[in-house]
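Where a number appears in this text, it was derived from the coordinates with a stated rule and is not lab data. Just so it is clear, the model here is predicted, and its values are computed rather than measured. Cβ atoms come from the backbone with ideal geometry, glycine included; neighbour counts cover every protein chain shown.
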Amino acid sequence: MDRIILASASPRRSELLRQAGFAFTVIPSRGEEVITTSHPAEVVEELSLQKAKEVAGRILEGTESVKDFSVVIGADTVVAADHRILGKPADHSDARRMIEMLQGNVHQVYTGVTLIVKDAEGNIRTATFHERTDVDVCEMTKEEIEAYIDTEEPYDKAGAYGIQGSFGIYIRGIRGCYYNVVGLPISRLYHELKKAGASC
């Protein structure tokens with residue numbers, strides 16, 4: 001498929017798309033994020049829609065170097081523990097707090113994805129969905145927590161960890177899509193693209 005736009009600067013999402021064989025251009029969203037709900041599934045859908053619409057709007061207005069698109073993909077991922085959304089940690093203390101919440105427990109990772117699909121006639125369709133994965137984290141000692149938060153890994157990731165990094169040794173198991181935890185449910189994305197009428 002040509003003219004796919006990823007409305008995200010996430011290197012992990014780009015890598016997943018490349019691994020799946022997609023050719024795409026990255027145009028990160030710049031809009032202000034507005035959240036009107038506290039439910040994680042609704043939050044990620046809301047934010048993914050805002051990101052996709054903002055980037056598609058800039059392209060349609062002609063303010064981007066890319067002049068057209070077949071699909072704009074917006075995505076947002078959050079970690080939720082005890083019904084509380086955990087964003088990216090602000091500092092060591094915040095990372096410690098998050099890891100202490102996650103260790104020894106099962107938490108949820110939600111990724112919302114919005115597809116803005118433009119067909120050959122110029123008709124535009126929008127589809128938004130979310131994927132949930134349950135992640136079971138082993139109990140960790142204080143020393144293990146301190147050693148982990150002393151690395152650079154936690155600080156650009158929701159929930160203060162990356163499943164694909166060194167934190168993987170503490171993951172007891174998952175239920176659902178592994179790639180969703182990395183940042184993009186790639187199988188669901190592919191099938192939703194087909195459902196939306198995008199040629200893959």
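At-a-glance table
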read-out: Hydrodynamic radius by Kirkwood, which averages 1/r over all alpha carbon pairs of the chain, in angstrom; value: 17.5 Å
read-out: Theoretical gain in end-to-end length, Arg18 to Lys194 [0.36 nm per residue, Cα-Cα removed]; value: 61.6 nm
read-out: With 5 Å bins from 0: P(r) over the stretch 100-200, alpha-carbon pairs, percent; value: 2, 12, 20, 19, 13, 10, 8, 7, 5, 3, 1, 0
read-out: Per-pair calculated FRET efficiency, R0 = 35 Å: Glu121 and Ala9 via Cβ, rounded to 0.05; value: 0.65
read-out: Residues His39 and Arg97, FRET efficiency given R0 of 22 Å [Cβ-Cβ distance, rounded to 0.05]; value: 0.50
read-out: Antiparallel bridges, percent of DSSP beta bridges restricted to the chain (to nearest 5); value: 85 percent
read-out: Gain in span if fully extended, Glu61 to Tyr178, counting 0.36 nm per residue against the direct Cα distance; value: 38.5 nm
read-out: Nonlocal amide H pairs with Leu86, under 5 Å, H built at 1.01 Å; value: Val79, Ala80, Ala81
read-out: Pairs of lysine residues in the chain - Cα separation under 24 Å, sequence separation of 8 or more or cross-chain; value: 19
read-out: Whole-angstrom gap from the stretch 118-168 to the stretch 15-43, using each part's C-alpha centre; value: 13 Å
